[in-house]
1. Which whole-number value in Å³ per residue fits the convex hull of the alpha carbons of the stretch 58-113?
2. Taking the inverse of the average 1/r across all pairs of different Cα atoms in the chain, what Kirkwood radius in Å do you get?
3. What residue among 45, 108, 117 has the largest mean-square fluctuation in a Gaussian network model of the chain, using Cα springs under 10 Å?
4. Please turn the phi angles of the stretch 5-13 into ³J(HN,Hα) values with the Karplus equation 6.51 cos²θ - 1.76 cosθ + 1.60 (θ = phi - 60°), one per residue in order, whole Hz, x for glycine and proline.
5. If I take every Cα pair under 8 Å that is 6 or more residues apart in the chain, average their sequence separation and divide by the length, what percent do I get for the relative contact order?
6. Pick from 65, 115, 130 the residue whose mean-square fluctuation is largest in a GNM of the chain, springs joining Cα atoms under 10 Å.
7. Using Cα springs under 10 Å in a Gaussian network model of the chain, which residue among 89, 116, 99 shows the largest mean-square fluctuation?
8. Take the solvent-accessible surface of the protein heavy atoms, probe 1.4 Å, and return the percent of it on the chain that carbon and sulfur atoms account for.
Amino acid sequence: MFRKAKEGLEVLLVHPGGPYFRNKDNGAWTIPKGEVAEGEDLLTRARIEFEEELGIPAPTAADWIELGSVKQKGGKTVHARAFEGNLPDAFVIDSNTFDLEWPPRSGRLQQFPEIDRAEFFPLEKAREKINEAQVAFLDRLVEALPMR
């Protein structure tokens, strides 16, 4: 999701939840994303992941912009699409959760949110915050917008 503010373009990024990302900031934020099943429609999955991570539905009639895919350092391929929009005034994250043995080797499963924060960042700040491989999505968004 992106929005056009007085100061310029802003993009919505999410911060992963859980203990591994608790104290990480720059380079840890990402676009809302998730696993795609083989043969699954990428736009359908993008809409599902947006709602699962943020707790609000992605617009159905939005004019989605295809941003292609990137391969992250760990080998995961991420596909991205963008749309113009804004979070509701009273927005509160309602993210899916995941179970993790924590502390490690403790035998105790704890539940953590998939994301713990969501925030709009000006484009240059987003370049610092986002996972390094996903910076390409920001560049592609900027390239796509003047033609729209």
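The values are calculated or read from the model by the stated rules, or taken from the named source; none is laboratory data. None of the values given here were measured: they were computed from a predicted structure. Because the Cβ atoms are built from the backbone with ideal geometry, glycine has one as well, and the counts that use them run over all protein chains shown. Heads up: the accessible areas ignore ligands, DNA and RNA and are worked out on the full protein's heavy atoms, side chains in. Shrake-Rupley method; radii C 1.70, N 1.55, O 1.52, S 1.80 Å.
1. Measuring per residue, one finds 142 Å³ for the Cα hull of the stretch 58-113.
2. Final number for the Kirkwood radius of the chain is 16.2 Å.
3. Result: 108 has the largest fluctuation of those listed.
4. 9, 4, 7, x, 5, 10, 10, 8, 10
5. 34 percent.
6. Comparing 65, 115, 130 in the GNM, the peak value goes to 65.
7. 89
8. Reported share for carbon and sulfur atoms: 48 percent.
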